[in-house]
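Engineer: Please read through the structure below; I'll follow up with questions.
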Amino acid sequence: MTVTSGPGFSLMMENIGLACMHETPLVIANVQRGGPSTGLPTLTGQQDMMQAKFGSHGDYEIIALSPDSPQECFDLTIEAFNLAETYRVPVFIMTDECVGHMHEKVVIPPAEEIEVVERRWYTGPKEDYLPYKRDEDGVPPMIKAGDGYRIHTTGLTHDEHGYPVINAECQKQNVTDIIEKIRGNADKIIKLEEQEIDDAEIVVISYGITSRVAVPAVRKARKAGLKIGTMRLVTCWPFPEKRIRQLSKKIKAFVVPEINYGQMVREVQRNAFDRCKVVSVPHCGGWVHDPEDIYQAIKEASK
Amino acid sequence: MTKKDKAEAENPQEAYLRMDRIPHIWCPGCGIGTVVTSFNEALKKNKEDLDKVAVVSGIGCTGRVAGYVKLDSFHTTHGRAVPFATGLKLANPDMKVVVFSGDGDIFGIGGNHFIHAARRNMDLVIICVNNFNYAMTGGQVAATTPTDANASTAPYGNFEYPFSIPYLADACGATYVARWTALHLRRVTKSIQEALKHRGLSIIEVITPCVTLYARRNRLGDGLNLLKYYHDKSEIIHGADTRTLGIGYQDKLIVGKFVHKEKPTFLDAMNKHLGNVLGDDYQLYGRINNGKD
């Protein structure tokens, strides 16, 4: 595991790609600040959400979680390790400066109560081991260096042996494998926190610190008689596409506040298509939203 | 018997190579294969436990070595073989971790990683095949290209000052430093044998012919012509002052073993320091003397 913010995350992109290709379980926490470049050291942002998904070159899938409290930083870090081991994939904890510097009560349970997913070790005969031969769920089991398997891994497009095979056919297999092991298990991976969503006409989608900043705006809108539900993205990637499509058929609008110029809102727009309104509430970073701005956006969306 | 079957049946290196991946991709006249042979010979002569030796390569022509050796072998990103190997070594202190990569990879893009591994005396063997240019990508000028040599990005000749690898390594704290050419095969083998036994950062530079790019662009002839150059212009001076080892274009090549000294490795230093500070609370990490204590 390593911890960084935007500039460090940019530097790591090349090897994040290698980890996706090698299928190395790892966890990176990105305590986001405003960017681009050196941007706003020590001031908040949520501007690396798309970079987390698309920052390294080529096609791949990763998992990104977004805690909104110190307690969740603790809980989701454990979850991140478990997901990384389960799917052999880089998992990002996409938090932000506000949550990163927040002081709150954290309950740390006794170690034996914490669920820890053990790495999936290969157990068959040594001579039959192939580093990228997948189990049924699409994830290959691992072995340890130095145990005599004498494997090869490479960042080049490779086959089950881990040997480079430079052609379109192997590329298709390799890329499909590393993408589908996540997409195919998306329903198991995705966690959302929804409130009063059943009869909602407007759903506020947020994540990280912004989900807490949105609370007074939602409360004020409910007082004004609007039917508001909330959805907090605990898992940002893979994106909850199905759920957005479902909701978009029955609600009037999504309102998406986030501390960037409009990043995850694109995913909402893409999945809601033109079935309902999608209102972005951008913020360039350096501070959190004024809840009043979110309230005004909700009011606008309800018209 | 097909040509490939014959090679498999007769190749004395087959215990050390992934024969299912042969033939390799290197050009005729290239020196990388001969360095791999020397490496295999060193493993054989040292009677190394092959399950406990790993090879890490970066990107480039020499970066492909990891794909051919029958060991735990890792092909990583450009310039990052040294940090990958550092992680591998620290997680598996009982393994011998060898970085096998090129001059552009280790001293160009990965130069920063090298200087810190040397500073820490990280217990790694680094074999750097120096062909004076970035060969796989088309013969671009490298940190090691001699001044005045032609390269695809220096079409009027290189006007930069090149790194002298042994001087850089010595200055940064490497504890075993040698330089040979692809002509000095037995000496390369001997140096790799010593480096595998040495505790601390070992760097062996091997100057090799790049016939397809460096030699062609500079009209230096084929592999044989370059070996003749190594033969005529190299001089063995063991223990030479590393400040004197710069390489001019087609000029004298001073080769030999320049540095071989004992100094605590990264893990030795960590265990000693934390043992002193924390006393009995500290549990030694790894095997401090190759498992002897």
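Engineer: Here are A:Thr77, A:Thr123, A:Thr95, A:Thr86: which of them is over 24 Å from the mean Cα position of the chain (by Cα) and of a type in the set (Ser, Thr, Tyr)?
Structural biologist: Numbers: A:Thr77 fails: over 24 Å from the mean Cα position of the chain (by Cα); A:Thr95 fails: over 24 Å from the mean Cα position of the chain (by Cα); A:Thr86 fails: over 24 Å from the mean Cα position of the chain (by Cα).
On inspection, the qualifying residue turns out to be A:Thr123.
Engineer: Which is outside the structural domain of A:Lys53 (by TED's automatic domain parsing), touching a strand residue (DSSP E or B) at 6+ places or on another chain (Cβ under 6 Å) and within 26 Å of A:Pro70 (Cβ to Cβ), of A:Val265, A:Val215, A:Val204, A:Val288?
Structural biologist: On the way: A:Val265 fails: within 26 Å of A:Pro70 (Cβ to Cβ); A:Val215 fails: touching a strand residue (DSSP E or B) at 6+ places or on another chain (Cβ under 6 Å); A:Val288 fails: touching a strand residue (DSSP E or B) at 6+ places or on another chain (Cβ under 6 Å).
Just a single option satisfies the conditions, and that option is A:Val204.
Engineer: Still on this structure, I have one more. What residue, among those in segment A:1-48 that are assigned to a strand (DSSP E or B) and within 14 Å of chain B (Cβ to nearest Cβ), is farthest from A:Ala84 (Cα to Cα)?
Structural biologist: A:Thr2
Engineer: Of everything in segment B:144-175, what is of a type outside the set (D, E, K, R), surrounded by fewer than 24 Cβ atoms within 10 Å (Cβ to Cβ) and more than 20 Å from B:Leu226 (Cβ to Cβ)? Give them in sequence order.
Structural biologist: Selection gives B:Thr153, B:Pro155, B:Tyr156, B:Phe159, B:Tyr161, B:Phe163, B:Tyr167, B:Leu168, B:Ala171, B:Cys172, B:Gly173, B:Thr175.
Engineer: Among the residues in segment B:121-136, are any more than 24 Å from B:Leu17 (Cβ to Cβ), in contact with a strand residue (DSSP E or B) (Cβ under 6 Å, 6 or more places away or on another chain) and buried (at least 24 other Cβ atoms within 10 Å of the Cβ)?
Structural biologist: Looking through segment B:121-136, at least one residue is more than 24 Å from B:Leu17 (Cβ to Cβ), in contact with a strand residue (DSSP E or B) (Cβ under 6 Å, 6 or more places away or on another chain) and buried (at least 24 other Cβ atoms within 10 Å of the Cβ).
Engineer: Return the only residue of A:Asp187, A:Asp198, A:Asp159 being among the acidic types (Asp, Glu) and within 14 Å of chain B (Cβ to nearest Cβ).
Structural biologist: Values: A:Asp187 fails: within 14 Å of chain B (Cβ to nearest Cβ); A:Asp198 fails: within 14 Å of chain B (Cβ to nearest Cβ).
Result: A:Asp159 is the single residue among A:Asp187, A:Asp198, A:Asp159 that is among the acidic types (Asp, Glu) and within 14 Å of chain B (Cβ to nearest Cβ).
Engineer: Taking segment B:185-202 as the region of interest, how many residues are crowded, with 24+ Cβ neighbours inside 10 Å and assigned to a helix (DSSP H, G or I)?
Structural biologist: The number of residues fulfilling the criteria is 4.
Engineer: In segment B:69-110, how many residues are among the hydroxyl-bearing types (Ser, Thr, Tyr) and surrounded by fewer than 24 Cβ atoms within 10 Å (Cβ to Cβ)?
Structural biologist: Going through segment B:69-110 one residue at a time, the tally reaches 2.
Engineer: Let me ask another. Tell me, yes or no, whether segment B:35-46 has at least one residue that is within 13 Å of chain A (Cβ to nearest Cβ) and over 28 Å from B:Phe132 (Cα atoms).
Structural biologist: No: segment B:35-46 contains no residue that is within 13 Å of chain A (Cβ to nearest Cβ) and over 28 Å from B:Phe132 (Cα atoms).
Engineer: Name the residues in segment B:236-269 that are buried (at least 16 other Cβ atoms within 10 Å of the Cβ) and either at pLDDT below 95 or assigned to a helix (DSSP H, G or I) (or both), would you?
Structural biologist: B:Thr242, B:Phe266, B:Leu267, B:Asp268
Engineer: State whether one or more residues within segment B:207-226 are exposed (fewer than 13 other Cβ atoms within 10 Å of the Cβ) and among the small types (Gly, Ala, Ser). Working first, answer last.
Structural biologist: If we filter segment B:207-226 for residues that are exposed (fewer than 13 other Cβ atoms within 10 Å of the Cβ), which is where we start, we get B:219, B:224.
Within this subset, residues satisfying the condition of being among the small types (Gly, Ala, Ser) are none.
No, segment B:207-226 has no match at all.
The values are calculated or read from the model by the stated rules, or taken from the named source; none is laboratory data. Because the structure is predicted, anything quoted here is derived from the model rather than measured. Cβ atoms come from the backbone with ideal geometry, glycine included; neighbour counts cover every protein chain shown.
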